[in-house]
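Worksheet: one structure, shown below.
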Amino acid sequence: MIRDLFSASTSRLARATAAALMTITAAPLAFAWEPTKPVEFIIPAGTGGGADQMARLIQGIVQKHKLMEEPLIVINKSGGAGAEGFLDVKGANGDPHKIIITLSNLFTTPMATGVPFNWKDLTPVAMLALDQFILWTNVDEPYKDAKEYIAAAKAAGPSKFKMAGTGSKQEDQIITVALEKATGTKFIYVPFKGGGDVAVQLVGGHVNSTVNNPAEAVSQWRAGKLRAQCVFDSERIPFKTKVTETQSWNDIPTCKEAGLPIDYVMLRGIFMPGGVTAEQTKYYVDLLTKVRATQEWKDYMERGAFNPTFMVGAEFTKWLEAAETNHRNLMTEAGFLAKK
């Protein structure tokens, strides 16, 4: 009798122990990292420009599709040609609750100002796209193509035509200097805080031309206020759906077709502070992959005429290293490097 009771008790204990072990084995050993408080999304540029538009689109997609539990808070920090934003993220070493969208001022700002920052101070997350630049003029001006515009600028004499751009010694001014050197023209370069302001100045007739990104001037182009003269790339933009009544992005000739041997594309990428973990970085790679899969993102890529190249990891780092070298060469040629 005692032996039977002992045997039954042992059997129950064995079954309970086995069940407990199965429960422990089935449970995950660790939870994947995710934000535990609101995430700051820094824009090292002014409002209305391409970086600002893209960051706010990402914020909207994340919110609409509930891709994060915590909110994504967009903050513009454009001071010092974006140095304010870069230094803020550099100073947040190890903080996974802060990300930054970058453009080519990732390279040009420290080179031009000497500010103590380099992209290697941050953690690369992903290249979201490459952005184009277009030579824009006011539709009320008589120039039907880039050749006519450049000819008029040369005929007017040095520093008679105004070229508006975002910031000083950044992408827009680098392209302007390259245009001057390739054609023998000389513009008055007029800097503004963001691409939105630049487009407004051109529509208002306060400047003669801009080299805005497509997304920064598309609404004015669609409204018949601006003329797209040429795109600074080796190939035409592939999107063939009509944007205006008569033109698609693909109808815009390359500047090389117009006799201007200049091409330049700009990074649209996401970084985190230095000192974060691989698991934390992976969270944002996965988040951005989900963003890119939405129809809203795909529509934005076409609407803004982006090159939707996506890179992460070693491939992205290699691209960044090459881009840094290229920008140093461009900045040196333009005389824009900070004096030591």
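For this structure, a couple of remarks:
- Residues (of a type in the set (A, V, I, L, M) and in a strand (DSSP E or B)) located in region 48-88: 72, 73, 74, 75
- Selected residue (only one of 115, 89, 62 is outside the structural domain of residue 231 (by TED's automatic domain parsing), without any contact (Cβ under 8 Å) to a residue 40 or more places away in the chain and either on the phi < 0 side of the Ramachandran plot or of a type in the set (D, E, K, R) (or both)): 115
- Of all residues making up region 75-98, the number that are buried (at least 16 other Cβ atoms within 10 Å of the Cβ) and either within 11 Å of residue 44 (Cα to Cα) or at pLDDT below 95 (or both): 13
Rundown of residues vs (1) outside the structural domain of residue 61 (by TED's automatic domain parsing); (2) in contact (Cβ under 8 Å) with a residue 40 or more places away in the chain; (3) of a type outside the set (D, E, K, R); (4) in contact with a His (Cβ under 7 Å, 6 or more places away or on another chain), yes/no style:
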| site | (1), (2), (3), (4) |
| --- | --- |
| 240 | yes, no, no, no |
| 270 | no, yes, yes, no |
| 277 | no, yes, yes, no |
| 293 | no, no, yes, no |
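- For first residues located in region 173-201 and under 13 Å from residue 153 (Cα atoms), partners that are at pLDDT below 95 and hydroxyl-bearing (Ser, Thr, Tyr) and lie 6+ apart or on another chain with Cβ distances below 6 Å form the pairs 186/159; 188/159.
- Residues that are farther than 25 Å from residue 222 by Cβ, of a type in the set (Ser, Thr, Tyr) and outside any helix (DSSP H, G or I) within region 108-148 comprise just one, 123.
- Only one of the numbered conditions (1) touching a strand residue (DSSP E or B) at 6+ places or on another chain (Cβ under 6 Å); (2) among the acidic types (Asp, Glu); (3) touching a residue at least 60 places away in the same chain (Cβ under 8 Å) is not met by residue 141, and that is (1).
- Qualifying residues in region 258-279 (those that are of a type outside the set (Val, Ile, Thr) and out of contact with any helix residue (DSSP H, G or I) (no Cβ under 9 Å at 6 or more places or on another chain)) - the one modelled with the lowest pLDDT: 263
The values are calculated or read from the model by the stated rules, or taken from the named source; none is laboratory data. Remember, predicted model here, so these are calculated numbers, not experimental data. Methodologically, a virtual Cβ is constructed for each residue, glycine included, from the backbone with ideal geometry; neighbour enumeration extends over all protein chains shown.
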